[in-house]
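Take this structure first; my questions come after.
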Amino acid sequence: VYKRQLEIVVVADPALETATPGAIAATVAPGDLWGSWRRIAARCDLAWPIAPETGGLLEEVVRVMAAAGSGVLGSRGGAIAIARSKAATAAWLGAHGVPVVPTVRLDETLPAATAGWVIKPDDGAGTVDTMLAADREALARWRERRDGTRFVAQPYLAGAALSLSMLAQDGKAWLLSCNRQDVSIADGVFHYHGGVVGGAEARRAALAPLAAHIAAILPELWGY
């Protein structure tokens with residue numbers, strides 16, 4: 001039986017003295033991040049990019065690695081561009097039959113709300129810069145201090161905060177766990193305190209079709 005030797009290359013920051021057992025450490029040259037990644041990716045048959053979606057960083061990493069001729073183990077650019085924007089995600093899901101909370105840019109006409117509006121960065125993760133404006137006066141004060149094109153507003157909906165962990169590949173989904181999130185609001189500011197993996201498994205029967213549908217309408221999602 002033919003066995004091909006597998007070599008793993010790990011990108012390393014020269015400032016860190018981290019051992020990489022069983023792997024080749026490829027050092028990133030200071031001041032030449034993109035050039036280093038491009039040269040390292042060109043040496044490899046496959047590349048697995050791990051980077052924040054915020055600011056378009058993951059999109060650029062995927063583009064650089066693909067341009068270097070490496071096969072990319074990860075989501076493709078179109079899916080990343082949609083998923084990193086809360087407004088684009090809500091619009092895409094809503095257009096494909098997924099019930100979503102109305103989501104508008106902060107400088108657009110606000111949807112009706114009975115319990116205030118959630119204000120959050122369109123491009124960002126977790127509860128960073130996320131607040132609850134209880135009334136239009138609070139919202140007006142927030143608008144004065146922020147760039148309305150960078151934030152979105154949504155009517156606040158009380159209820160359980162949940163998340164899904166899933167694998168996706170070419171339009172198919174494998175739901176790993178239904179999770180419960182620990183989120184609080186203090187003085188109008190949201191705080192994320194972690195969560196319980198599998199804490200919402202009682203709702204799997206209802207949530208599994210949602211995971212499958214999202215993977216089907218965003219077929220460029222790949223991996224975790």
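Just subtract the alpha-carbon distance of L176 and S36 from 0.36 nm times their residue separation and send over the number in nm, one decimal. Don't skip to the end; give the middle numbers.
Values: separation 140, 0.36 × 140 = 50.40 nm, distance 3.46 nm.
This chain segment gains 46.9 nm when fully extended.
Toward the positive end of the charge dipole of the chain, about the Cα centre and with charges on Cβ (Lys, Arg +1; Asp, Glu -1), which of Q181, V104, L218 goes farthest?
Farthest towards the positive end: L218.
Follow-up question, since we're still on this one. Tally up the carbon and sulfur contribution to the accessible surface of region 1-111 as a whole percent, 1.4 Å probe, everything protein left in place.
Details: 4170 of 7090 Å².
Heavy-atom surface of region 1-111 belonging to carbon and sulfur, 1.4 Å probe: 59 percent.
Let me ask something else about it. Can you list the residues, at least 5 places off or on another chain, whose amide H is less than 5 Å from the amide H of W222, using H built in the peptide plane?
Here the answer is S75, R76, since their amide H atoms fall under 5 Å of that of W222.
With charges only on Cβ, +1 for K and R and -1 for D and E, what is the dipole size of region 1-91 about its Cα centre, in debye, rounded to 20?
On the way: 9 positive and 8 negative charges, 69 e Å.
So the magnitude is around 340 debye.
Next question, about the same structure. Which is the longest part of the chain that has none of the GluC sites (Glu not before Pro) sitting in a DSSP loop with at most 11 other Cβ atoms within 10 Å?
Details: sites that count: E7, E17.
Between exposed loop sites, the widest span is 18-224.
Extending each Cα 7 Å along its Cβ direction at T114 and A25, get the distance between those two points in nm, one decimal.
5.9 nm
With charges only on Cβ, +1 for K and R and -1 for D and E, what is the dipole size of the chain about its Cα centre, in debye, rounded to 20? Spell out each step's value before the answer.
Values: 21 positive and 22 negative charges, 95 e Å.
Its charge dipole is roughly 460 debye.
Shifting gears a bit: What is the projected area of the convex hull of the Cα atoms of region 85-160, averaged over all directions, in nm²? Don't skip to the end; give the middle numbers.
Working: hull surface 20.5 nm².
Taking the Cα atoms of region 85-160, their convex hull projects to 5.1 nm² on average.
Once R0 is set to 45 Å, what does the formula 1/(1 + (r/R0)^6) return for the Cβ-Cβ distance between V10 and A160, expressed as a FRET efficiency to the nearest 0.05? Intermediate values should be presented prior to the final figure.
Numbers: r = 39 Å, r/R0 = 0.86.
According to the calculation, E is roughly 0.70.
Suppose R0 equals 45 Å. What FRET efficiency, 1/(1 + (r/R0)^6) with r the Cβ-Cβ distance, do E17 and T149 give to the nearest 0.05?
Details: r = 43 Å, r/R0 = 0.95.
After rounding to 0.05, the efficiency reads 0.55.
With a 1.4 Å probe and every protein chain left in place, work out the accessible area per residue of the chain in Å², rounded to a whole number. Working shown, then result.
Working: 13620 Å² over 224 residues.
Roughly 61 Å² per residue, with all protein chains present.
Under 5 Å between amide hydrogens, which residues at least 5 positions from S85 or on another chain qualify, with H placed 1.01 Å from N in the peptide plane?
none
Under a plain spin-label model, where a point goes 7 Å from the Cα along Cα-to-Cβ, how far apart in nm are A88 and H191?
3.3 nm
Something else: Subtract the Cα-Cα distance of L57 and A208 from 0.36 nm times their separation in residues, and report this length gain in nm to one decimal. Mind showing how you got there, number by number?
Numbers: separation 151, 0.36 × 151 = 54.36 nm, distance 2.99 nm.
Roughly 51.4 nm would be gained on extension.
Then there is this: Mind checking the alpha-carbon convex hull of region 1-133 and giving the volume per residue in Å³? Walk me through the numbers on the way to the answer.
On the way: hull volume 25.6 nm³, N = 133.
Spread over its residues, the Cα hull of region 1-133 gives 192 Å³ apiece.
Just need log10 I(q)/I(0) for region 111-202 at q = 0.10, 0.11, 0.16, 0.17 Å⁻¹, Debye formula, equal scatterers on the alpha-carbon atoms, no solvent, rounded to two decimals.
Calculated log10 I(q)/I(0) at the listed q: -0.34, -0.41, -0.77, -0.83.
The values are calculated or read from the model by the stated rules, or taken from the named source; none is laboratory data. All values derive from a computational prediction rather than experimental measurement. Methodologically, a virtual Cβ is constructed for each residue, glycine included, from the backbone with ideal geometry; neighbour enumeration extends over all protein chains shown. When the accessible area is computed, the model is the full protein with side chains, heavy atoms only, and any ligands, DNA or RNA have been set aside. Shrake-Rupley method; radii C 1.70, N 1.55, O 1.52, S 1.80 Å.
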